[in-house]
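Read-outs throughout are calculated quantities, based only on the coordinates presented, and are distinct from any laboratory measurement. Computed from a prediction, not measured in an experiment: that's the story for all the values here. Ideal geometry is used to build each Cβ from the backbone, glycine not excepted, and the neighbour counts take in all protein chains shown.
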Amino acid sequence: MDFEVGAILTGKITGITKFGAFVTIAPGKSGLVHISEIASTYVSDVRNHLTEGQEVTVKVIGVDQSGRMNLSIKAALSEPAEEPRRHTQPRYQEAATEPSFEDKLKRFMQDSDNKMSGIKLYSDKKGARRRGR
């Protein structure tokens, strides 16, 4: 069986801890799904998402030198869903709704001039009070 990084496999959850879940892929071969790799949303308790004995689809995201596998459930689930979503809206439509560089620069210069005149006015008043004492 292929246990290289990027492989999509099916396994059974054999243990749950506060930091993740252990998944057995084949007899004598298991890996850890860290709590951050369980779902795309925040997971406060692993037991709210997984149960022992549950069959899960996982993606191998890493294998260390001693042969331990790092697994991800969210990577295995989100990979096919990401591809169509990326191409639903062409990039040229996104750019058309944004203001041009010149418009952004003009807006920045106006804001900057307004802020500088306010700072200058405040510092002139502050200096006049100090001289008046």
- Query: Volume per residue, Å³, of the convex hull around the alpha-carbon atoms of segment 8-86?
  - Reply: 95 Å³
- Item | Peptide ranges 58-65, 20-27, 103-110 listed from the most packed, as the mean C-beta count within 10 angstrom indicates | 20-27, 58-65, 103-110
- Query: By how many nm would the segment from S100 to F3 lengthen if fully extended, with 0.36 nm per residue of separation less the alpha-carbon distance?
  - Reply: 30.0 nm
- What is the spin-label model distance, in nm, from Q54 to Q110 if the labels are put 7 Å beyond Cα along the C-beta direction? 5.3 nm
- Message: Could you give the length gained by full extension between H34 and V63, i.e. 0.36 nm per residue of separation minus their alpha carbon distance, to one decimal place?
- Response: 9.1 nm
